[in-house]
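Read the structure below first, then the notes.
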Amino acid sequence: MDEKSSPSRSRAAFQSHSFRHFMAARFLTTISSEMQSVAVGWQVYELTHRPLDLGIVGLAQFLPGICLFLLAGHTADRVPRLRIIRTCYAGFAGCSVSLLTFAAHGLRSAWPIYAVLVLNGVVRAFNAPASQAFVPVLVAAEDFPNAIAWSSSIFQTATVAGPMIGGILYGLAGSPVYVYLSAFVCYSCAFVIAGRITIKQSAGARPVAASTRILFEGLSFIWRQKLILGAVSLDLFAVLLGGSVALLPVFAREILHIGATGLGVLRSAPGVGAVMMGIIIAHWPLQTRAGIAMLSCVGGFGVFTIVFGLSHNVVLSLVMLLLAGAADTVSVVVRHTLIQLSTPDEMRGRVSAVNTVFIGASNEVGQFESGLTAQWFGAVPAVVLGGIGTLAVVLAWGLLFPGLRRLDRLLPATERIDSENADVRV
């Protein structure tokens, strides 16, 4: 049996006690976030009946990130990252309590929800770079690609469970109260579990003086590393144009007619595909032609989005969302592995903060773009046009960033350069 695909190597990351605890905490926080997303989307659409307001949900959570990403990245490189993560978990729990309070007392306007989402976005702005930069110190360098694959699978498993639980609770109770209560409990448990993590080095605790140059180093680093720039920007524009998640309440209510519980199932479908693909990659890693695999899968994401937009059949729609989630996972694994293996630890917070902004732009601003275009043209044309835009981005990026096409193995930067030089000599 090939050592790289043996059962022990496929679970190598779990040999780390701290990695196991961090994954458990992340699983709970992701479930909470996904439950809340379903409840917020359905609650807002019930209050306003406008697709544009579903776009504002995404925008409210993204704006704090774009305003704070430089500060958040610098903080992740100066303050112990575990301390940041636990503080953020407490902040998430506080936001759930606020949503719970509003829901219990009844709402006639969506604006109080938007206010809480802005606060939630502030917490996310600090949590994301600290969490992304935290994983490399929990496992050995040779196990990091395996850790990313499992991290993606665990994250996506939570994105399957969270919407389904949220949709079922909302559907049974006819109210988001129990959804927000459950989210608060999960965030609180994650806070406790994160307290059991121990690390050998004080990740992020470096006495670096704040300056404009230091704050912008993450942006400068990504701009210089054209391979990373191409991978990150590919995901940004592809998901920005091709994302359909924000409009799922519209499809569930008006096109597929499956209600709040059905919305939870729709939201879970991409996660199912992502979990399946993540497990496949964990057992059979991308050994060669990682760049071509990434470009092909992002193109597939666009195709599946188009078919979903045109579908009026529940089963076909679910299958397309599942395949889109599987395709997106390949891009996630390649992108995150490239970034973390190519970035010095003392800069990982700032670089991860920039990456978080790109991800936030693709997801939350993508939600706003979907809501806006759906308001103008309708939900179906908005999703189909977005999928076509994703295909155009893949073609353009294949030409603008030839390094992506040539990317072969996922290795640390120095090893990748040595490998390329060796191939040239041969």
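Every read-out reported here was derived from the displayed coordinates using simple, explicitly stated rules and does not represent laboratory data. Keep in mind the model is a prediction, meaning the values are calculated, not measured. Counting neighbours? That spans all protein chains shown, and the Cβs are built from the backbone with ideal geometry, glycine included.
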| message | Starting from the 7 Å offset along Cα-to-Cβ, what nm value, one decimal, do you get for the label separation of LEU172 and ALA115? | response | 3.2 nm
| Whether the range 63-116 is rounded, prolate or oblate, judged on the alpha carbon gyration tensor where a/c under 1.5 counts as rounded | oblate
| task | Compute the FRET efficiency between LEU400 and ALA104 as 1/(1 + (r/R0)^6), taking r as their Cβ-Cβ distance and R0 = 51 Å, and round to the nearest 0.05. | result | 0.50
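Charges at C-beta only: +1 for Lys and Arg, -1 for Asp and Glu. How large is the resulting dipole of the range 1-138 about its Cα centre, in Debye rounded to 20? Walk me through the numbers before you get to the answer.
Details: 12 positive and 6 negative charges, 77 e Å.
It comes to approximately 360 debye.
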| query | Hey, rough spin-label estimate for LEU316 and ILE199, points 7 angstrom out along Cα→Cβ, what's it come to in nanometres? | reply | 4.8 nm
| So how do 95-104, 72-81 stack up, highest first, on mean other-Cβ count within 10 Å? | 72-81, 95-104
